[in-house]
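Nothing in this text is a laboratory measurement; each read-out follows from the coordinates by a stated rule. All values derive from a computational prediction rather than experimental measurement. So basically every Cβ, Gly included, is an ideal-geometry build from the backbone, and we count neighbours across all protein chains shown.
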Amino acid sequence: MKQTLRLFFFILFLSGTINSFSQSAGKLFSQGKDAAKDGKTDEAIALFTKALELKPKDDEVMIERGKAYETKKELEKAIADYDNALNIKKDEKLYLKAAALKISIGKWPQALFDVDRVLEDDKDNIEAFEQKAWCLINTKKFADALATCDAALAKNQYNHRLHYLKGMSKDSLKDYAVAVTEYQRAVTIMNGLTEKNQPMFKPYYTNLAMAQTKAKMYDDVIKNYTTAVKIDVKDSILPQNYRVYYYRSFPHFLKNDFGPATDDLDKALSMNARIKSAFTNVL
């Protein structure tokens, strides 16, 4: 009888202790979310960390701490939290979020792993296809990137980013005629959007112009480089504008328009005096 009572009280004590830990972790989690909402990022991280010490397998806490690390631009730590959360519970949106962060710091194979997990279960996820193609391009698997774009375009032929990525794939495979066609499709579709000609679309025009240079479409090249500079006056998106002016000098030279060519080189040099190759072209 005494043994039974002791066992009963031990179980009761253990249950109470577990509940106490659980409640404490929950309270810390709630306080952490409030701190994050108030912009107290360091405090939020500290609270989430304490909560995880009490409940190490809580994927919700990991995700919230990952968001806080993102706010602080500590992307490696954010990725680690997201990956740990995904090891506990698979989530399509979190895979895509983790992949986007990995892409932003050049972790292409790791990002590719994440998007493949998404596509295993959701073969119509266009965002995953876009990310996969971008990873494959950056790991120089251009034929695979092209196949990925074609598979996605079979599902959505009006996606401007997929046409842009297909253009990049064809460009890298030295099929410049098709690259020009795909870049042009990307620009045409983009121009039908309300956010058309925003700085983020600058690479659409510069890549199109580069492919057109190889296809000897010099008038179109000049036009597209000019648009690239106009839509990004603040020079916020790569390639930087001094490079765009430098690149635009080539079609002018090839057309024997030496005055505009020299003007473009002068502009490039005034923005970045380290362009030694530009000096060579002027001489």
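Quick notes on this one:
- Prolate/oblate/rounded call for the range 173-283, Cα gyration tensor, a/c under 1.5 rounded: oblate
- Fewest-first sequence of 124, 144 by Cβ atoms within 10 Å of each Cβ: 124, 144
- Cα gyration tensor, the range 26-88 - rounded (a/c under 1.5), prolate or oblate: oblate
- Over 22 Å between alpha carbons, listed pairs 123/166; 214/255; 72/202; 174/230; 77/97; 57/89: 72/202; 174/230
- Cα gyration tensor shape of the chain, rounded if a/c is under 1.5, else prolate or oblate by comparing a/b with b/c: prolate
- Least to most buried among 246, 225 (fewest other Cβ within 10 Å first): 246, 225
- Seen from residue 160, the other residues with C-beta closer than 13 Å to its C-beta sum to a net charge of +1, counting Lys and Arg as +1 and Asp and Glu as -1.
- Residues 182, 70, 195, sorted so that the one with the fewest Cβ neighbours within 10 Å comes first: 195, 70, 182
- Segment residue 234-residue 24, length gained on full extension (0.36 nm per residue, minus Cα span): 70.7 nm
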